[in-house]
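Report on the structure given below.
Values in this text are rule-based calculations from the coordinates and carry no lab data. Predicted, not measured: the structure shown is a model, and the values here were computed from it.
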Amino acid sequence: MRKSYEIVGRRIVESHSPNAPIEVFYSPDEGEKRRLVEEFKVDEHTLTSALDPDELARLEFEPNHIAVIFKRPRNYSGKEQLLFRVSSVGMFLFKDQLIMVLPEEAPLFDSKQFNRIDTLKEVLLKAIHRAILHFLEHLKIINQICDELERKINLAMENRHLINLFTLEKSLVYYLNAIHTNGVLMEKIRNAAAKIGLSAEELEFLDDMMIENSQCLKQADIYSNILASLMDARASIVSNNLNVLIKILNIITIGIMVPTFVVSAFSMNVKLPLNEGGDLAFWLIIVLAAVSVAGFYLFFKRKKW
C-alpha cells in the first residue's frame with residue numbers, strides 16, 4: 001500500500017499528487033518493489049533489508065540518494081503473549097523527495113513533533129526520534145507489566161506468570177539490540193553531517209536525539225538486568241508457594257486421619273471398652289477424638305511446623 005504526503009504550513013499532510021515529496025510504502029507488493037528498484041534506483045538488497053526485522057540499522061550513500069535503515073518497536077498485539085518485537089524502517093532521501101518503506105502499516109506522522117517541519121531532512125531525523133520515544137513508551141509499559149506479574153507471582157503456584165516474565169526478558173533483549181544499533185546509526189549520521197547537508201539546527205537536534213537514545217538504552221539495560229537477576233528468586237517464590245500448599249494439605253489430611261482413627265477403632269466389631277457403655281459411650285468417643293485433634297495441633301505448634 002502506498003500513501004503520499006507533503007509539507008503544508010510546516011505540517012505533514014496527506015497528498016494525492018503523483019509527485020508528492022514524501023511517499024510511504026507499507027508492505028510493498030512486487031509491483032511497488034519493482035518500481036522502487038527500476039524508477040528510483042533503490043538497491044534491491046537495501047530494499048529487502050528495510051523489510052527484514054532482523055536487519056541492523058545502517059547508513060549507506062548511493063549515487064542519487066541516501067539510504068537509512070533504523071529500528072522501531074512493532075505495534076503490540078495481545079496475540080504475542082507479552083512478546084514485544086521490533087521492525088525495520090527504510091528511508092531513501094533524494095534531493096527533493098523522501099521515500100519510506102515499512103513492513104507493516106503503522107502511524108508515522110501522528111506525533112506533535114511533526115507540527116514544525118521545514119525540510120525532508122527534518123522528516124528523516126524526526127522519524128528516528130519518534131522511534132526513540134516509541135521505545136521509551138514501550139519500556140514504561142514493560143516495567144508496569146513486570147510489577148503486576150511480580151505481585152501475582154507472590155501468590156502464584158503455577159509457571160504461567162514466570163513464562164510471561166521470560167517473554168518480557170526476551171523482548172528487552174530485542175529492544176537493547178535495536179536501540180544500540182539506532183545509536184550507532186545516529187553516530188554515523190553525525191559524522192557524515194557535512195556530506196548529508198545537515199544545518200546547524202538539525203545537528204543540534206541530532207545531538208539531543210543521541211542523548212535521548214543513550215538514556216533509552218541505559219533504561220532498557222537496567223530493566224533487563226533487574227529482570228534477569230531476580231528471575232531465579234521469583235522461580236523460588238513459586239516453588240515455595242507450592243511447598244506451603246502441600247504442607248497445608250498434609251496437615252489437613254493428618255488432622256482428619258487422627259480423629260477418624262479414634263472413631264474407627266471403637267466401631268470395630270470386637271469387644272472393646274465403651275462398646276456397651278450406654279448413652280455416654282458415644283460422647284466419650286467424641287471427646288477422645290477431640291482430644292486427639294487437640295494433641296495433634298499442640299504437637300505441630302510445638303515443632304513449629
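Observations on the structure shown:
- Stretched out straight at 0.36 nm per residue, the stretch from Glu212 to Lys170 would grow longer than its current Cα-Cα span by 12.8 nm.
- Against the chain, whose longest principal axis is taken from its Cα atoms, helix 120-153 shows a tilt of about 0°.
- When the chain is treated as a Gaussian network with alpha carbon springs shorter than 10 Å, the biggest mean-square fluctuation among Leu227, Leu249, Leu149 belongs to Leu249.
- Amide proton proximity set for Val86, modelled H, under 5 Å, gap of 5+: Arg74
- The C-alpha atoms of the chain define a longest principal axis, and helix 280-303 lies at about 50 degrees to it.
- When the alpha carbon gyration tensor of the chain is reduced to an equivalent ellipsoid, its three semi-axes come out at 71, 19, 15 angstrom, largest first.
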